[in-house]
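A.B. asks: Before I ask anything, let me first share the structure, which is written out below as structure tokens.
Derivation of every value follows stated rules applied to the coordinates shown; laboratory data play no part. On a predicted model such as this, the values are computed, not experimentally measured, just so you know. Reconstructed Cβ throughout: ideal geometry from the backbone, glycine too, with neighbour counts over all protein chains shown.
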Amino acid sequence: MPELYYIDTMGCQMNERDSETIAGVLQSLGLRPTDDPQVARVAILNTCAVREKPEHKVFSKLGDWAKLKRARPELVIGVCGCVAQVMADEIRARAPYVDLILGPRNLSALRAGVERALSDDRCAICVTDPDELPDDHQPAARTPGVSAFVNVTYGCDNFCAYCVVPYARGREVSRPAGDILAEVQEVVAEGYREVTLLGQNVNSYRDPHSGAGFPDLLRAVGAVEGLWRLRFTTSHPKDCSESLLRAMAGTPAACEHLHLPIQAGADEVLARMGRGYTYAHYKSLVDLAREIVPGLAVTTDVMVGFPGETEEQFERTLAAFAEIRFDQAFMFKYSDRPGTAAEAMPEKVPEPVKQSRLQRLVALQNEIGRAVNAAQEGQVFEVLVEGRDGKSPEKWRGRTRGNKLMVFSGGQDRAGKLVAVRAVRGFLWGYLGEEDAMA
Ligand code: SF4
């Protein structure tokens, strides 16, 4: 009976892609996956440090796993991801029963670390070198489905004042375009029909060999035979260029969706964040994008309560949202991150004020999101079908090219197919639809 492993993935798509590598390495060691940590021989927590809450979750999970280990001392516990990188000492101090601590750039040490921990040589292993070049050729056990993640860059050089990512994931490194294209061809050969190119700031991608930028990479990946859809995340307004937008418009596989974090609506706040653009620049970029890419869905990230944010400055965030009308937004309260510039900034906004600002912004964006989707009722969308819907198994679910969820009634055997679906009702989360018989 093979030994079992359990992986708990927190945070972003980069972490999901890293967990596929972790799973691939563990499977290459003969272990098999389980959804139950109670029966696992190896349990890995792939962590997120982007806000206070996920960090707290890490230590509470480790507390639960400590109980499992007391009952089964042979259990191997590993912590990977961004908290492993920025809080390795704290993990060792507060959770001495953890066998393996690996930073996001150090998964190359996973195999040897697990082999050692599975043997009787149980001393804790900790590798957190943020400058190591990740080994792209490690086996990956990809999540089954129609869509696959492919990294194009690692790390980030922007050092936005609130962000822990450059400390957790290291300085920015671009992968050779040849490696990226080879990986895309590989996943297409495995049956994936959609690829999402991943990076903290994909717009600043530069092929280390040819110097070619992201627009060229997008065109090249979009030309891979058998690839139906191409997405990318995350963009940065200071590097998102007209040539990228034209590459999107000129690449049939490139989906009409742009995720462009605004973070705040007031220039003073953007300046203190070190974002490198003004609201006017951001707005003109969105206007240009909507002009060049017809039917473009624009989504964003935003935070409220950045140190020093006044009520008037927050109201400019509200005004920005009312003016731009995002299709969807990920909205958060600012929280101090260890070692970031903002952590030392004065004039922290009190929690109740942050909470009320978040509620007001969420209320506004939900109203806009619903209205945007309701206004598209009757439209026919191309949907890439992921499978049956969990809540309504008689229906199918999939995503439009604008990355919106569509739950619809349709014919048989639609999984993995591109289907034309008419949106009957628009909701905050997406659409209810029916297969378009005319298409
Ligand atoms: S661009 Fe800014 S917010 Fe995004 S990962 Fe880099 S430092 Fe963080």
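A.B. asks: Within 10 Å, at most 15 other Cβ atoms, and a DSSP state outside H, G, I, E, B define an exposed site. Report the longest part of the chain free of exposed chymotrypsin sites (Phe, Trp or Tyr not before Pro).
C.D. replies: So the longest stretch without any such site is 160-426.
A.B. asks: Please list, or write none, the lysines whose alpha carbon is within less than 23 Å of the alpha carbon of LYS391, excluding same-chain residues fewer than 8 places away.
C.D. replies: LYS404, LYS417
A.B. asks: What does the charge count near ASN46 come to, summing +1 for each Lys or Arg and -1 for each Asp or Glu among other residues with Cβ under 14 Å from its Cβ?
C.D. replies: After counting each charged neighbour, the total is 0.
A.B. asks: Right, here's the next one. When the scattering of segment 380-435 is computed by the Debye formula from its Cα atoms alone, each counted once and equally, what is log10 I(q)/I(0) at q = 0.16, 0.27 Å⁻¹?
C.D. replies: Values returned for q = 0.16, 0.27 Å⁻¹ are -0.35, -1.08.
A.B. asks: Which one of LEU418, PRO73, VAL127 is farthest out on the positive end of the charge dipole of the chain, using unit charges on Cβ (Lys, Arg +1; Asp, Glu -1) and the Cα centre as origin?
C.D. replies: PRO73
A.B. asks: Now for a different question. What range in the chain is the longest one free of GluC sites (Glu not before Pro) that are in a loop by DSSP and have at most 15 other Cβ atoms within 10 angstrom?
C.D. replies: Answer from the scan: 226-346.
A.B. asks: Sticking with this structure for a sec: Can you give the % of DSSP beta bridges in the chain that are antiparallel, to the nearest 5?
C.D. replies: Of the beta bridges lying entirely in the chain, close to 35 percent run antiparallel.
A.B. asks: Assigning unit charges at the beta carbon (Lys, Arg +1; Asp, Glu -1) and nothing else, what dipole magnitude in debye, to the nearest 20, does segment 228-284 show about its Cα centre?
C.D. replies: Magnitude of the dipole: close to 140 debye.
A.B. asks: Quick one: Kirkwood hydrodynamic radius for the chain, alpha-carbon pairs, angstrom, one decimal?
C.D. replies: Taking the inverse mean of 1/r over all distinct Cα pairs, the chain comes out at 23.1 Å.
A.B. asks: Any idea how far apart VAL39 and SER356 come out in nm if each label point goes 7 Å out from Cα toward Cβ?
C.D. replies: Between VAL39 and SER356, the label points sit 5.2 nm apart.
A.B. asks: Mind checking which of THR400, GLY387, PHE427 is farthest towards the positive end of segment 380-435's charge dipole, using Cβ charges of +1 (Lys, Arg) and -1 (Asp, Glu) about the Cα centre?
C.D. replies: PHE427
A.B. asks: Can you tell me the relative contact order of the chain? Whole percent, Cα pairs under 8 Å, sequence separation 6 or more.
C.D. replies: 10
A.B. asks: In addition: Dipole magnitude of the chain about its Cα centre, charges +1 at Lys/Arg Cβ and -1 at Asp/Glu Cβ only, in debye to the nearest 20?
C.D. replies: Computed about the Cα centre, the dipole is about 780 debye.
A.B. asks: Place +1 on the Cβ of every Lys and Arg and -1 on the Cβ of every Asp and Glu in the chain, take the dipole about the Cα centre, and give the residue among VAL302, GLY103, GLY250 whose Cα lies farthest towards its positive end.
C.D. replies: Value computed over the given set: VAL302.
A.B. asks: Taking each pair of distinct Cα atoms in segment 41-146 once, what is the resulting Kirkwood hydrodynamic radius in Å?
C.D. replies: Answer for segment 41-146: a Kirkwood hydrodynamic radius of 14.3 Å.
A.B. asks: Could you name the aspartates and glutamates whose alpha carbon sits less than 13 Å from that of LYS69, not counting residues in the same chain fewer than 8 places away?
C.D. replies: List returned: ASP99.
A.B. asks: Suppose we take every Cα in segment 166-294 and form the convex hull; what volume per residue is that in Å³?
C.D. replies: Hull volume over Cα atoms, normalised by residue count, gives 110 Å³.
A.B. asks: Between GLU434 and ARG171, how high is the FRET efficiency from 1/(1 + (r/R0)^6) when r is the Cβ-Cβ distance and R₀ = 60 Å? Nearest 0.05.
C.D. replies: Efficiency computed from Cβ-Cβ geometry: 0.75.
A.B. asks: Right, another one. Report Rg(Cα)/(2.2 N^0.38 Å) for segment 1-54, keeping two decimals.
C.D. replies: 1.19
A.B. asks: In a Gaussian network model over the chain where Cα atoms closer than 10 Å are linked, find which of ILE324, ILE368, ILE77 has the largest mean-square fluctuation.
C.D. replies: Judging by the Gaussian network model, the answer is ILE324.
A.B. asks: Would you mind computing Rg(Cα) / (2.2 N^0.38 Å) for segment 290-439, counting N as its residues?
C.D. replies: After normalising by residue count via 2.2 N^0.38 Å, the value is 1.31.
A.B. asks: A further question follows. Magnitude of the Cβ-charge dipole of segment 147-374, K/R +1 and D/E -1, about the Cα centre, nearest 20 debye?
C.D. replies: With only Lys, Arg, Asp and Glu charged at Cβ, the dipole is about 180 debye.
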